[in-house]
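The values are calculated or read from the model by the stated rules, or taken from the named source; none is laboratory data. Worth saying up front: this structure is predicted, and the values here are computed from it rather than measured. Note that we place each Cβ from the backbone using ideal geometry, even for glycine, and neighbour counts take in every protein chain shown. The accessibility values were calculated without ligands, DNA or RNA, using every heavy atom of the protein model including side chains. Shrake-Rupley method; radii C 1.70, N 1.55, O 1.52, S 1.80 Å.
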Amino acid sequence: MNNEKRRLTGGRRRALAMSALVVSVLSLLLTSAALAIGFDEVRDYEEVFVISGQAPARDRLQVRWQIAEDYYLYNNKFLRFTVLTEGVLAGEPRVPPGDLSFDELLGEEVEKYHGELVVDLPLQTVPPGVDTVELLVRSQGCLENVLCYPPTDQPLTMRLPTAAGSFDGLGENPLSGLGGADAPLPPEQAFIYESIGMDEASALVRFTAQPGYYLYRDQFQFEVIDDSGFEVLDVDLPAGVIKDDPEFGPVQVYYGQVEIPLRFSRPAGAATEVTLRAEFQGCRDGDICYPPMSQTASFTMPAADQPVAGQPVDAAPGGATAVPQSEQDRLAWLLTESPTRAIIAFFIAGLLLAFTPCVFPMVPILSGIVAGQGEKLTTLRAFWLSLVYVLAMAVTYTVAGVLAGLFGQNLQALFQDPWIISAFVLIFILLALSMFGFYELQLPGRLQSRLAEASNRQRGGQLGGVAVMGFLSALIVGPCVAPPLMAALIVIGASGDAVLGGAALFALSMGMGVPLIIFGVSAGKLIPKAGAWMEAVKAAFGVGLLALAIWMLERILSGGVIMLLWGVLAVSCGIYLGALERIEAGASGWKRLWKSLGFVLIVIGTLEILGAAAGGDNWLRPLESVRQTGAAATSHAAFKRVKSLDDLEQALAGGTSAGRGAMLDFYADWCVECKRMERNTFPHPEVQAFLSQMQMLQSDVTAHDDRDRELMKAFGIIGPPAILFFDRSGREMKPYRLVGYFTPEEFSAHLAQVVAAQ
């Protein structure tokens, strides 16, 4: 029961402190344009208005602020005291008179308090058995002639004296009424905080509690508060001494001096100064407990040749909080810790990626190349064609990835321009028409004769064309970002090690290419060398190329037009298969089968055309718009679009004021996996139930303009799909970041963890 009470009390304290921080940050963001100092120079409210409290008697509380130089509190309607302890009723606070002066920031005369403010709060009712009072104090203060903080809530917990007597007087320290030499020390003297860098990725934190004082083991939290790129990776809290606390029961505490090792994730680079904030709570034996406090320490971390990747965490009771580790972070850590194992892992990941929608379209491209060889095709020839295609794709993918990691620029995104996509689609259409026998693609006669001799000795010209197709396929067909790719880019960007990251990307690409090579060689064995069958096979591959052209056009055309194109293609194929022709008596079973298949294609194509005419935009569900005609469409929460960092900050500030976390989805029309998430995952009822508990933000980076690139660079995003989550204070929850496609079941399970952590 005591442990449960302690958990609830600590949770309430943290919630109140977080609430005050959220309000402060929001107001400072909204007024930052008027500041005479930089935003990063603004000190925390709790640091300049140090609040403390004590109970001289069971019917009276005293609240005291120590006010930093050049700062002041002022007496207005926001000065408020709320008792949180059940059954305790407070009277009117007794606020001493302050200094009346004209305030330039507020444009009016106000009552100010400099240096120190002490307020008496009488207690009208205190039930028997109540020995502590929890108080929530709201106040407001300013930095002279520079800025005013928003009204801020600060929690206090004060221990009441026994009913038999009371404290004799008020000592000089605001936390005690014992007075004289027995007055407790100020918190910064009672608990000394130091830290020193040990090696490139670890530091040693030391706390010294003065004699008669102790620190709670389960109240430590650590956070790097600068822009050094360091994040707390692991906290090794040593075991404490079991103390039977009169308020909280048996707890682990530290007496005297305690040393706590910390490990960081960090980028490679020279020696760096790091500022580490520690949050903790302590007491003096036998009488008072200090409110939760924070102190900072700056120290130098040694240089590091390699980045240290891993899962950043916060310290929590007994050690680090258990949070999920993203797939890209796990792979990035593996790549830095064990490159050989990582290369194998990246190759296996490539094998799996070969069957995703971002890579699978390369199958009809390669099959079209193989089938286009006609009678010249052999198994060996098919192998060389496939290998050259895959190698060109792998080299391009690797080079593009290394450049993206070094410069933060995704070359694949640049190639999603409508004109480039249209040109590539035109190539597919021309290849398809040649397979239908409309013409034969070949070089002009004059150039063909000049190259005849060289062509007789080798087939490099054709292989060069295949390599060009592999190059274009890597840049245009598969621009989506997957966790293995993101992991390699994290390592390249953090360490600058293009060789290590490039090797991982090449292994990934070759893993993606192995199924393509197998398919190409198999096609070389199975495709007939001559006869009517060959023409039929080439026509089938031609249809595949036309389908790929429509799939590419989906990135730049509306959903209704795409449905219409799919319908026309399906109907045309049905007619080609003889669906509308009579079957003579005694016709073979094959002819009847093709007619039946053709009829099915005509029906499917007709449904697509009807769906497009009815205003549909999802070719996978052609009748969806028809079903919903005259009825309310199934609705789900809509995204709020953000285009720039300013848009995002404003949206997060709005969510912070409402006490809600947020999800930011990076989307693009040319990202196949993004569209799969929109069609399959986001509308799912269970997913929607979780998303309704947070802001849904989306950045459409289809244009990939300067503002898109600025927003992605701010979060280290190379391209979509990527989903980021933010807590209720507007900070990104990096361990929960997602890259790639997730099924509704996977995504809802992840959202459950996010909502619990927000």
*At a probe size of 1.4 Å, how large is the accessible area of Asp99, to the nearest 10 Å²?*
90
*Counting Lys and Arg as +1 and Asp and Glu as -1, what is the net charge of the other residues whose Cβ lies under 12 Å from the Cβ of Ala587?*
+2
*asked:* Using only the alpha-carbon atoms of the range 197-283 as identical scatterers, what base-10 log of I(q)/I(0) does the Debye formula give at q = 0.12, 0.13, 0.15, 0.16 Å⁻¹?
replied: -0.42, -0.48, -0.61, -0.67
*Report the FRET efficiency, 1/(1 + (r/R0)^6), for Gln693 and Leu426, where r is their Cβ-Cβ distance and R0 is 45 Å, rounded to 0.05.*
0.45
*asked:* Report D for the range 59-156 in µm² per second (integer): Stokes-Einstein, Kirkwood Rh on Cα pairs, 20 °C, 1.002 mPa s.
replied: 147
*Would you kindly state how much longer the chain becomes between Phe355 and Ile518 on full extension, computed as 0.36 nm times their sequence separation minus their alpha carbon distance, in nm to one decimal?*
57.4 nm
*Dimensions (Å) - the range 631-758, Cα atoms, principal axes, largest first*: 39, 34, 32
*Per residue convex hull volume, Cα atoms of the range 545-600, in Å³*: 67
*Three principal axis lengths of the range 682-726 [C-alpha, angstrom, descending]*: 35, 20, 14
*Accessible surface of Ile288 in the full protein assembly, 1.4 angstrom probe, to the nearest 10 Å²?*
20
_Long-range lysine pairs (8 or more apart or interchain), the range 580-736, Cα under 30 Å_ = 9
*How about the range 694-748: which trypsin sites (Lys or Arg not before Pro) there are in a DSSP loop, with at most 15 other Cβ atoms within 10 Å of their Cβ?*
Arg731
*asked:* Leaving ligands and nucleic acids out of the surface, order Thr296, Thr743 by accessible area at 1.4 Å, largest first.
replied: Thr296, Thr743
_Under the 0.36 nm per residue contour assumption, what length would be gained going from the current alpha-carbon distance of Asp417 and Glu144 to full extension?_
92.9 nm
